[in-house]
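Structure first, commentary second.
What follows is calculated from the coordinates using simple rules that are stated; it is not laboratory data. All figures in this text were calculated on a predicted structure; none of them were measured in a lab. Backbone-built Cβ (ideal geometry, glycine too); neighbour counts: all protein chains shown.
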Amino acid sequence: MIDTVTNIILLTMLVLTALAIVRMERLFAVVMLSGVFSLLSALLFVTLDAVDVAFTEAAVGAGISTVLLLGTIALTKPVERRARHTAFIPFIVVLVTGAALVYGTLDMPAFGDPNAPAQIHVGPEYLARTPDDIDVPNVVTAILGSYRGYDTLGETAVVFTAGIGVLLLLSGLRRRREDEEEDQA
Amino acid sequence: MFESMPHYVFLTALICLFIAMILVLIRLYNGPTLYDRVLSTNSFGTHTVLFIGVLGFLTGRPDFLDIALLYALINFVGTIAILKFFRYRAIGDVLEKREADK
């Protein structure tokens, strides 16, 4: 009962924030709103017991994305350009994609179903072995950090490389601009 | 210490948090200045931390409390980054830029 009401309130706030993002024209405000949007979806993940997913969402969505978007605004303009075409075709595309996604969820097992494939494959074995093997309370952490440690290491390397690439691109752009200004002066 | 408190205390706290969240969101949607929005984003982050804590106690598993602390850290760093951007119009290389202005 409490879960349902909480989910309904959070989803309502999420939809309202999304509508506000669409309607807003000042891009600074859009960046703030998208940070709140990602905090709200993180809260929804927490109510679904996926605290690790929620934390990633908050760190990436509300933390890094905000900084990156502000950096982008510093390089471009802070006001949205008026669209010259109507939004009819994009609206149809979004509608069809949403319908396909909803259709896809119809085959999924119910939330918390003990007979779902995810619960009967290797899950019970991890749950049984983690207290003896690794001894941390969160089994997801044990799987990510130990059983699939090399996989996590690879992911971290990919993210690190992407971050360095973005930093190199941005600093190169600024230096080129300063060179141009010096040339003009 | 908090585990022994009755259920309705946390329920009341949750309802109050939702009301506070809605008030903050109204300020966020309406503005009018940019600083209202920065402040409301920051305080929404604080509400996120509190919500995770209260929900943990309400469902009888306060293990998520340390995760809520990490949210507070992210919120702090994010607010610092936003304010630094408003002050200097750039995220990195601030010292270099100020020296160049002189």
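A few comments on the model shown:
- GNM top mover of A:LEU70, A:LEU167, A:LEU39 - chain A, alpha-carbon springs below 10 Å: A:LEU167
- The relative contact order of the range A:33-185 comes to 11 percent, based on Cα pairs under 8 Å that sit 6 or more residues apart.
- Of B:LEU23, B:TYR71, B:VAL9, farthest towards positive along the dipole that unit charges on Lys, Arg, Asp, Glu beta carbons give the range B:7-101: B:LEU23
- Shielding score for A:57-70, defined as the mean number of other chain Cβ atoms within 10 Å: 5
- Projected label distance in nm at A:LEU101 and A:ASN138, using a 7 Å step from Cα toward the beta-carbon: 2.5
- For the range A:1-80, convex hull of alpha carbons as volume per residue, Å³: 62
- Per-residue shielding of B:9-18, expressed as the average number of other chain Cβ atoms within 10 Å of the residue Cβ, stands at 1.
- Contact order relative to length of the range B:7-101, as percent, for alpha carbon pairs under 8 angstrom and 6 or more apart: 24
- Label-to-label distance, nm, for residues given as A:ASN7 and A:THR56 (7 Å Cα→Cβ offset): 2.1
- Distance distribution P(r), the range B:7-101, all Cα-Cα pairs, bin width 10 angstrom from 0: 15, 34, 28, 15, 6, 2 percent.
- Over chain A - Rg/Rh using Cα atoms and the Kirkwood inverse-distance radius: 1.06
- Cα-based radius of gyration of the range A:35-79 once divided by 2.2 N^0.38 Å, which approximates compact folds: 1.35
- Under the Karplus curve 6.51 cos²θ - 1.76 cosθ + 1.60, θ = phi - 60°, whole-Hz ³J(HN,Hα) for the range A:151-159, x wherever Gly or Pro sits: 4, 4, 4, x, 4, 4, 4, 4, 5
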